[in-house]
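Working notes for the structure below.
Read-outs: derived from the displayed coordinates by stated rules, not from any lab. Note that the structure is predicted; figures quoted are calculated from it, not measured. Using ideal geometry, Cβ is built from the backbone for each residue, glycine included, and neighbour counts are taken over all protein chains shown.
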Amino acid sequence: NRNQRIMKKTTQLGCIAFVFLLLSVTACTKSPSARIYNMWRLEDFIKPSLDSAMLAKVDAQGVIYTFSKDGKYSVSGAINSVGTFEINEEGTHLITTEDGEITTYKVQLTNSMLKLSKAEESMIFKVKQ
């Protein structure tokens, strides 16, 4: 009878420990969208609306996007701007707001590559080393 009670308590403690372990692993798992929090160097782009002077400036100076955990982003280099952003949990859609203008992008995101696209425009970034 005493051994049964000890066995029952041991089993209960084991179950509780398992639940805590499961919760801590789940809480520490990063969502795919968390990969965006980084500095990204523009590598390639298709943007028909850019004129030749701006294309030359982008080629010469480069462009760096920085996405922060506080929901703010900045662009530096050939283009300088700041704004806010939201990315869905899956990391597939990004909404930026800059000077009241809202833009929605489709996103492809890995640890080292970011692709933002909308309509006929796309931008491909690599993590800035």
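Rounded to the nearest angstrom and ordered from largest down, what semi-axes does the equivalent ellipsoid of region 66-112 get from its C-alpha gyration tensor (root of 5λ)? Could you put the intermediate results ahead of the total?
Numbers: eigenvalues 64, 35, 20 Å².
Equivalent ellipsoid semi-axes, largest first: 18, 13, 10 Å.
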Worksheet entry | Residues residue 88 and residue 55, FRET efficiency given R0 of 30 Å [Cβ-Cβ distance, rounded to 0.05] | 0.45
Discussion item. Can you compute 3J(HN,Hα) from phi for each residue in region 100-109, using the Karplus curve 6.51 cos²θ - 1.76 cosθ + 1.60 with θ = phi - 60°, rounded to whole Hz and x for Gly and Pro?
Written reply: x, 8, 9, 10, 10, 10, 7, 10, 10, 9
Fill in: Long-range amide H partners of residue 38 with built H, under 5 Å
67
Response to the item:
Ranked output for segments 62-68, 97-103, 117-123 by mean other Cβ atoms within 10 Å, highest leading, reads 62-68, 117-123, 97-103
Worksheet item: What full-extension length gain, to one decimal in nm, is calculated for residue 120 and residue 44 as 0.36 nm per residue of separation minus the Cα-Cα distance?
Response: 26.0 nm
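Based on the Cβ-Cβ distance of residue 97 and residue 128, what FRET efficiency does E = 1/(1 + (r/R0)^6) give at R0 = 22 Å, to the nearest 0.05?
Here the calculated transfer efficiency is 0.45.
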